[in-house]
């Protein structure tokens, strides 16, 4: 059956409201007579299989086709093309080929070629700017800083998904310093070493090669200090 604009939007809305694989599977079954496109198939794959930080296991095409015939793909894999499909714009896609055809696909984290929209929801901006600097403990020239210096968290593109804990208050001076260290990290692939500031540990999670900001001093200085000092035993 022909997929009209109205039906297309209806399917997308239902998939986005679905809470688990079973609900998405039932939606695909409901529209089994339609030829679905990447906009629907990508969202369905996302809801059914993609987990934290944008990763999924390998899912075979044979399994996907059991959910809906439109998952069937030729060599090009229109609905799961890198960069140009809904799925590819949002995630890094890996494919397993057999006999020159796509046998299985998985997502391997977020697509870092696509930078997030750096605009911040007004209520969050106002609250953060009313706080004291997370590093210098003063309340002058406060800026609202994205904790994630890589700025590749797709979730933040939607202001409705932004959370207060995604941001932190930093003075302009502290934020400028963080920005320089984040830039160096992105250029070299090596995270900032907090031992340069006198800490006994470089990171509270991961190591110098970790491809995430979480665990770096600059990601959350307050949490970093709390973690480093949690077993501190002051000598009399």
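Worth pointing out:
- Matching residues, the range 185-197, being out of contact with any helix residue (DSSP H, G or I) (no Cβ under 6 Å at 6 or more places or on another chain) and at pLDDT 95 or above: 193, 195, 196, 197
- Pairing residues of the range 205-217 that are outside the structural domain of residue 54 (by TED's automatic domain parsing) and within 16 Å of residue 186 (Cβ to Cβ) with residues that are modelled with pLDDT under 85 and surrounded by 15 or more Cβ atoms within 10 Å (Cβ to Cβ), at Cβ distances under 7 Å and at least 6 apart in sequence or on separate chains, gives 206/212; 213/150.
- Extreme residue, surrounded by the fewest Cβ atoms within 10 Å (Cβ to Cβ), among residues of the range 127-159 that are within 30 Å of residue 83 (Cβ to Cβ) and without any contact (Cβ under 8 Å) to a residue 12 or more places away in the chain: 158
- Selection count where residues are part of a helix (DSSP H, G or I) and either under 27 Å from residue 139 (Cα atoms) or touching a strand residue (DSSP E or B) at 6+ places or on another chain (Cβ under 9 Å) (or both), scope the range 162-194: 16
The values are calculated or read from the model by the stated rules, or taken from the named source; none is laboratory data. What you see is a predicted model; the values in this text were computed from it and never measured. Backbone-built Cβ (ideal geometry, glycine too); neighbour counts: all protein chains shown.
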